[in-house]
Amino acid sequence: MEPGTKPIVHLCLRAQWEAAQATGEYRTSSLEEVGFIHCSRPEQILGVANSYFQKTDNLALLWINPPRVESEIRWEVSDGQVFPHIYGPLNLAAVLAVSELSPDVDGIFRMISAPK
């Protein structure tokens, strides 16, 4: 897979995504703290969810079209893998779809829902 040719994903609380609808752009605390929005390739997101969001409900998985992202995307190594990072706010027009991500009853994420 060539970076930038397939959708990337970002996991957040549904309330954060809903708040972005009112402001017209999506921002995260990581953007303010480290300068970028964490994203993943779809095949990486279960690992991310289980590392940082275990047992969390009401999550939204943003499916992002990289060519539509107005901020710079850098592919950077973290924990031995290459992840996409968005260096700036995410413009809403770059979000292709939003799907739900829910843990199983034991709090573990095992499956992602493809966008509709």
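Since every read-out is calculated from the coordinates, none of them should be taken as a lab result. All values reported here derive from a predicted model rather than from experimental measurement. Because the Cβ atoms are built from the backbone with ideal geometry, glycine has one as well, and the counts that use them run over all protein chains shown.
In the set (1) hydrophobic (A, V, I, L, M, F, W, C); (2) in a helix (DSSP H, G or I); (3) more than 25 Å from VAL105 (Cα to Cα); (4) without any contact (Cβ under 8 Å) to a residue 60 or more places away in the chain, ALA20 fails one condition alone, (4). The number of residues in region 62-99 being closer than 21 Å to TRP17 by Cα, out of contact with any strand residue (DSSP E or B) (no Cβ under 7 Å at 6 or more places or on another chain) and in a strand (DSSP E or B) comes to 0. Take LEU61 and tell me if it is surrounded by 15 or more Cβ atoms within 10 Å (Cβ to Cβ), farther than 30 Å from VAL105 by Cβ, under 12 Å from the mean Cα position of the chain (by Cα) and of a type in the set (A, V, I, L, M). So LEU61 does not fit the description; no. Yes or no: LYS6 among the basic types (Lys, Arg), assigned to a loop (DSSP other than H, G, I, E, B) and in contact with a helix residue (DSSP H, G or I) (Cβ under 9 Å, 6 or more places away or on another chain)? In short, yes. Filtered by the rule that a residue be of a type outside the set (A, V, I, L, M) and either crowded, with 17+ Cβ neighbours inside 10 Å or in a strand (DSSP E or B) (or both), region 48-58 gives a lone residue, PHE53.
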